[in-house]
Amino acid sequence: MPDGIAPLGVPAVGTASSARPVPIRDGDVPDPTRSRSGTVAFPARPVPFQDGEVAGARAGRGPFPQLPFQPCQPCQECPVPALPPPALVRFLDPLRCPVCRSSPLRPDRGALRCSAGHTFDIARHGYAGLLTGTRATSGDDAAMAQARDRFLNTGGYAPIRRAVAHLAAGATADRGTVVDVGCGTGYYLAGALDALPGARGLGLDTSAHALRRAARAHDRAAAATWDVFRPFPLADAVADVVLDVFAPRNPAEFHRVLRPGGRLVVVRPTERHLAELRGRIPAMVAVDPAKERRLHRALDPFFEAVTTEELAYPLVLAGSEALDLVGMTPSARHVRPVRMADDGLLPGRVTVSVLATAYRPRS
């Protein structure tokens with residue numbers, strides 16, 4: 001019989017039991033199992049449960065089948081990490097299943113799983129995909145996330161980051177819990193964690209493009225997809241600080257997840273913020289003059305202001321920095337920054353003007 005050909009129904013020695021070859025590494029398997037093709041014969045993996053069991057559970061006819069936790073060895077071919085990133089593991093105890101709303105989540109083969117069988121993948125970039133169903137469409141797209149990352153790395157908003165970190169550090173001990181809602185690339189969360197050497201952090205955002213960066217923004221920062229307008233996937237009273245920096249707000253959920261002595265830190269623009277850009281580019285999104293009144297009306301049933309810092313400073317911009325500043329804002333959906341640069345519409349200097357307020361929850 002020709003070399004490498006086996007009788008019908010019998011796999012040739014050294015061939016894989018599936019179509020995908022398994023790479024050989026020194027010390028992985030005994031020499032007799034090696035073949036000239038570099039593949040290995042492994043026994044078929046047992047099927048832990050039948051498809052009908054899963055279908056029945058989804059239809060409400062029984063529980064989801066439970067799988068024992070057997071983490072695999074990480075390898076270069078796996079599309080997801082074998083185990084969650086350390087920052088996410090550190091944040092598992094306050095997380096709750098977004099479907100059950102009460103069940104804790106635990107690691108399970110590159111995913112998070114609750115006791116009822118609801119499973120949420122961990123992306124290979126390190127963030128957890130907790131957002132299910134219809135996704136929000138208002139988060140950063142890839143170009144916006146890249147522009148945001150480039151601009152923030154210039155230090156143009158570093159004074160805002162320092163103000164956020166100062167307010168966060170004054171609200172909790174070093175070993176606190178910080179949740180950044182609408183975290184974007186994790187820039188402000190990382191600053192707060194730097195000011196709190198023993199704290200852990202979680203960034204929530206709808207944009208997977210931004211979360212790829214947020215998951216790497218700090219070694220104590222976990223990241224997960226979530227929509228600010230839904231009930232947060234967190235237990236009650238688990239956060240010492242909630243950050244809301246240039247992001248939408250959900251006052252009731254902020255209040256629910258904050259501990260009684262915690263702080264909510266809100267950063268929002270004033271009417272003077274980037275006024276030079278809006279003066280030259282009519283399509284830029286304007287700051288609503290009634291924004292402060294609406295903010296106070298929304299937060300007042302749940303919070304009272306403790307302290308407010310006003311930041312106002314001029315910012316000199318190179319051409320590429322001005323492009324990124326426009327490109328990272330919601331206005332990027334309405335204008336074409338490159339066209340503006342060609343037309344000479346981008347100013348070389350703008351005014352940064354924001355308010356940063358720390359609020360305490362009402363009892």
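What follows is calculated from the coordinates using simple rules that are stated; it is not laboratory data. Note that the structure is predicted; figures quoted are calculated from it, not measured. Positions of Cβ are generated from backbone atoms using ideal geometry, with glycine treated the same way; all protein chains shown enter the neighbour counts.
Take the Cα coordinates of the range 142-361, assign each an equal point scatterer, and use the Debye formula without solvent to give log10 I(q)/I(0) at q = 0.07, 0.09, 0.10 Å⁻¹. After summing over all Cα pairs, the log10 values are -0.21, -0.34, -0.43. Estimated from the Cβ-Cβ distance and a Förster radius of 56 angstrom, the FRET efficiency linking Asn153 and Ala116 is about 0.85. One decimal place: the segment Ala298-Arg280 gains 3.3 nm when fully extended, by the rule 0.36 nm per residue minus the C-alpha distance.
Extension gain for Ala318 to Arg101 (0.36 nm times residue separation, less C-alpha to C-alpha distance): 73.4 nm.
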